[in-house]
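Since every read-out is calculated from the coordinates, none of them should be taken as a lab result. Keep in mind that what you see is a predicted model, and the values were worked out from it rather than measured. Glycine gets a Cβ as well: all are built from the backbone with ideal geometry, and neighbour counts include every protein chain shown.
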Amino acid sequence: MELAAKAGLQTLATRPFYEVVIVGGGPAGLANAVYATSEGLRTLLIEHHAPGGQAGTSSFIENYLGFPGGVTGADLTNRAVAQARRFGTEMMVGQPVMAVRREDPYRIVTLADGAEVSCHALMLSTGMAVRELEVPGIAPLVGAGVYYGAAMSEAALYRGQDVAIVGGANSAGQGALFFSRYARRVTVLVRKPGLSPPMSRYLVDRLEATPNIEVVPGVELSEAQGNGHLERLVLREVAAGTTRTIEAAALFVFIGVSPRTEAFLGFVALDAKGFILTGPDLPRDRRAWPLERDPLMFETSVPGVFAAGDVRSGANRRIAAAVGEGSAAIFSVQRYLQTV
């Protein structure tokens, strides 16, 4: 929070009550904000880290509607933030949400500094957190050759060198293509026998057509080695169990994510993997849904609390889908506000 304040970002709410409070500033949360404020709702968006979420760190997005030449995650985020602010969204950055509670007709958010903000409708769009790689040698080399995600600064550091990517989904494919423009060679390490699914077909085709990208399926990383900086990786063949070593100046990890729902445990219903249950996915009993009316689309087990984007159970984990959910969920919020 101190860093955000020094950077000139808003870290405190300007009022105690808003019609809508959005927790999370990824694609879904930013879409929530744009459509809520454009409809005249007093809206506060709370983001713990930086707006954009996982999408904001994406090196290059080629299949987002309206950008035939592709767009970086940072550019897409900056455009969305500017749009939300132009409509009047208040954004608070660097303040983690510690807890939420219900005191009808209000939904109350408690922040890390003890401050509280109340609202009539609460939107949970916290997205996903990067899953860390639990492999010997990784932890001491994070930031010294081992990185989670991809960024322009790292691409410049490893120009003309050999780098490796761990992961087999879209983020890994986008990262591999991005680094292929700078690195001498990019090795993509995949535990499964092949790339697709879950990687989109257009990315698979692009990887196969890029001469300095090698996809190595059926392997898992068993150790990272280096003296103060990553130097080599030890790989284990999943089927045979044999090991081999490859040289790598950098490793970029894209092994998946987990939902950011720690602050909502015991407040809203979650599925077995920790994602938020909404609408028709809620169990049909009074413990899960207390009202006579059916829950609205995107409404959680707590009336007036909604979820959209990757944190929602059953969501399609794509940027465009998160934006679509964020936009559509505001219609349900408006319907709910008519009953308060």
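In percent, what relative contact order does the chain have, based on Cα pairs under 8 Å that are 6 or more apart in sequence? Spell out each step's value before the answer.
Details: 766 pairs, mean separation 62.5, N = 340.
Computed over the chain, the figure is 18 percent.
So how do 294-303, 17-26 stack up, highest first, on mean other-Cβ count within 10 Å? Intermediate values should be presented prior to the final figure.
Values: 294-303: 21.2, 17-26: 26.3.
Order by mean packing, descending: 17-26, 294-303.
Using 1/(1 + (r/R0)^6) with R0 = 22 angstrom and r between the beta carbons of Phe331 and Leu265, what's the FRET efficiency to the nearest 0.05? List each step's numbers first, then the result.
Details: r = 28 Å, r/R0 = 1.27.
Calculated transfer efficiency: 0.20.
Quick one: helix 170-180 against the long Cα principal axis of the chain, what's the angle to the nearest 10°, folded into 0 to 90?
50 degrees
Which loop-located GluC sites (Glu not before Pro) does the range 172-277 contain, where loop means any DSSP state but H, G, I, E or B and the Cβ has at most 16 other Cβ atoms within 10 Å?
Taking the range 172-277 and a limit of 16 other Cβ atoms within 10 Å, the loop GluC sites (Glu not before Pro) found are Glu231.
Using Cα-Cα distances under 8 Å and only pairs 6 or more residues apart, what relative contact order does the range 139-253 have, in percent?
RCO, the range 139-253: 31 percent.
Taking a cut-off of 15 Å, what percent of all Cα-Cα pairs in the range 22-100 are separated by more than that? Mind dumping the intermediate values first?
Working: 1676 of 3081 pairs.
That tail contains 54 percent of the Cα-Cα pairs.
Where does the Debye-calculated log10 I(q)/I(0) of the chain sit at q = 0.09 Å⁻¹, using only Cα point scatterers of equal weight, no solvent?
-0.53
Would you kindly calculate the translational diffusion coefficient of the range 139-253, applying Stokes-Einstein with the Kirkwood radius from alpha carbon pairs, for 4 °C and a viscosity of 1.567 mPa s, and quote it in µm² s⁻¹ without decimals?
93 µm²/s
Return the ratio Rg/(2.2 N^0.38 Å) for the range 95-201, where Rg is computed over Cα atoms only.
Working: Rg = 20.1 Å, N = 107, 2.2 N^0.38 = 13.0 Å.
Rg over 2.2 N^0.38 Å, computed on Cα atoms: 1.55.
Counting C-alpha atoms alone, how compact is the range 274-340: give Rg to one decimal and Dmax as a whole number, in angstrom.
11.8, 34
Choose one of Gln334, Gly256, Phe306: the residue whose Cα lies farthest towards the positive end of the charge dipole of the chain (beta-carbon charges +1 Lys, Arg; -1 Asp, Glu; about the Cα centre).
Gln334
Take each of the peptides 43-55, 173-185, average the number of other beta-carbon atoms within 10 Å over its residues, and list them starting from the highest. Walk me through the numbers before you get to the answer.
Values: 43-55: 23.6, 173-185: 21.8.
The densest-packed peptide leads the list: 43-55, 173-185.
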